[in-house]
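Read through the structure below, which is laid out as structure tokens, and then see the notes.
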Amino acid sequence: MTPTLPAPVPLGELSFDPPLYLAPMEGVTDRTFRHMILQKNGGSAVGAACTEFQRVSQVPLPLEVLEKELGPKVEPIPVGIQLMGNQPEIVAATAIRAAEAGADFVDLNFGCPAPRVFQHCAGSALLAAPSQLEAMVRATVDASPIPVTAKIRAGVEHDQNLEELAQRIEQAGAQLLTIHARLRIDRYQDDPNWDYIRRVKAAVKIPVFGNGNAFHPDSIQRMFQTTNCDGVMIGRGAMRDPLLFRRWSAQQQGQKFEGWTRQELAEWLTEYHQRMLDGGTLPRHALGRVKQAVKALVEGGWLAKDQLRIALQQSNVEQLFSALGLV
Ligand SMILES: Cc1cc2nc3c(=O)[nH]c(=O)nc-3n(C[C@H](O)[C@H](O)[C@H](O)COP(=O)(O)O)c2cc1C
């Protein structure tokens with residue numbers, strides 16, 4: 001039996017349709033990667049995307065920084081700018097600029113576990129300060145001409161405030177909430193606890209996106225079914241299988257969607273590399289990103305593990321492709 005397609009998720013006048021959302025990933029989802037994912041999966045398979053986090057500290061971020069991060073609109077898909085800071089009025093002022101830069105929505109990061117961020121009381125640190133977190137959401141919502149969404153983990157060291165956090169975010173006016181189903185102390189280890197997603201969904205009326213280890217069409221489907229979430233956010237799954245969104249969509253419609261051929265992998269990596277260079281990325285940084293992409297494709301099972309070590313030792317892409325047998 002063909003499973004029924006989950007309903008599109010409205011966000012103000014926007015729609016996340018289908019409700020699959022490319023996660024923000026610092027050092028990965030820059031505009032080159034994001035644009036490739038959106039264009040190659042197509043507007044009917046990815047419903048939304050977001051920039052990697054933009055750290056807001058002493059002053060609002062300049063418009064040019066936000067414009068550069070966002071880049072031009074390549075597909076008619078809502079794209080948000082994610083902000084992370086600890087001073088509500090400065091984050092709120094940056095949200096106004098994000099709208100000017102062309103963002104469709106602003107996402108507030110309350111999940112980043114990095115120690116430097118945590119020490120500055122930003123990212124996941126605010127999970128332990130629910131009233132500060134609420135004030136941040138409220139100030140941003142009050143100022144922002146575009147919808148405001150939030151992304152949380154289930155807590156810092158425990159999940160006892162989870163429902164309270166979700167409800168405060170809703171009451172402060174956020175229109176959509178994503179929950180990465182881990183605590184801060186879990187970082188990225190161990191299996192996520194999808195029950196956190198189910199609990200958040202049951203606690204609020206705004207749409208809830210679940211996140212954490214949705215790596216395959218089957219696990220995306222399982223997350224929908226077991227948590228009752230409205231949508232699924234996909235992070236590392238999109239690195240491991242950059243066409244995961246289309247693969248899921250095809251599966252939903254009972255269609256066959258082949259795996260990656262070596263030729264397709266080579267084309268994907270070559271185009272990714274070329275687009276980075278065209279966009280002004282330094283060659284050594286572009287090479288680093290290609291290696292990161294190769295490593296993820298190995299994790300996804302599309303490239304053999306035993307070639308990885310040799311491939312990662314190469315000092316240019318031609319040698320790297322040759323070591324992987326992709327030329
Ligand atoms: C390399 C990397 C960078 C990340 N950067 C961000 C970020 O900028 N903002 C954010 O909210 N989450 C960030 N995350 C967390 C992801 O958005 C996501 O919550 C997490 O990877 C779990 O989802 P997944 O299992 O689908 O990857 C990052 C994760 C990774 C692996």
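Overview of results
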quantity	calculated
Single residue of the range 278-327 satisfying the filter (in contact (Cβ under 8 Å) with a residue 12 or more places away in the chain and of a type in the set (Ser, Thr, Tyr)) that is nearest to Leu244 (Cα to Cα)	Thr281
Sole exception among (1) surrounded by fewer than 20 Cβ atoms within 10 Å (Cβ to Cβ); (2) part of a helix (DSSP H, G or I); (3) within 16 Å of the ligand (Cβ to nearest atom); (4) touching a residue at least 12 places away in the same chain (Cβ under 8 Å) for Arg34, by number	(1)
Every residue from the range 163-186 that is touching a residue at least 40 places away in the same chain (Cβ under 8 Å) and more than 21 Å from the chain's Cα centre (by Cα)	Glu163
Residue within the range 63-74 that is within 15 Å of the chain's Cα centre (by Cα) and either at positive phi or at pLDDT 95 or above (or both) present	yes
Residue check for Ala129: among the small types (Gly, Ala, Ser), under 17 Å from Ala99 (Cβ atoms), surrounded by fewer than 19 Cβ atoms within 10 Å (Cβ to Cβ) and away from the ligand (no atom under 15 Å from the Cβ)	no
Residue satisfying condition, being in contact (Cβ under 8 Å) with a residue 40 or more places away in the chain and over 19 Å from the mean Cα position of the chain (by Cα), within set Ala122, Ala139, Ala128	Ala139
Matching residues in the range 39-59 - criterion: being outside any loop (DSSP other than H, G, I, E, B) and either within 16 Å of the ligand (Cβ to nearest atom) or of a type in the set (Lys, Arg) (or both)	Lys40, Asn41, Ala48, Ala49, Cys50, Gln54, Arg55
The listed residue being in contact with a helix residue (DSSP H, G or I) (Cβ under 6 Å, 6 or more places away or on another chain), surrounded by 13 or more Cβ atoms within 10 Å (Cβ to Cβ) and more than 29 Å from Asn213 (Cα to Cα), out of Ala296, Ala311, Ala286, Ala323	Ala323
Residue pairs meeting the criteria (Cβ under 6 Å; at least 6 apart or on separate chains; first assigned to a helix (DSSP H, G or I), in the range 214-241; second within 8 Å of the ligand (Cβ to nearest atom) and β-branched (Val, Ile, Thr))	none
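The values are calculated or read from the model by the stated rules, or taken from the named source; none is laboratory data. Here the structure is a predicted model, which means the values were calculated and not measured. Note that we place each Cβ from the backbone using ideal geometry, even for glycine, and neighbour counts take in every protein chain shown.
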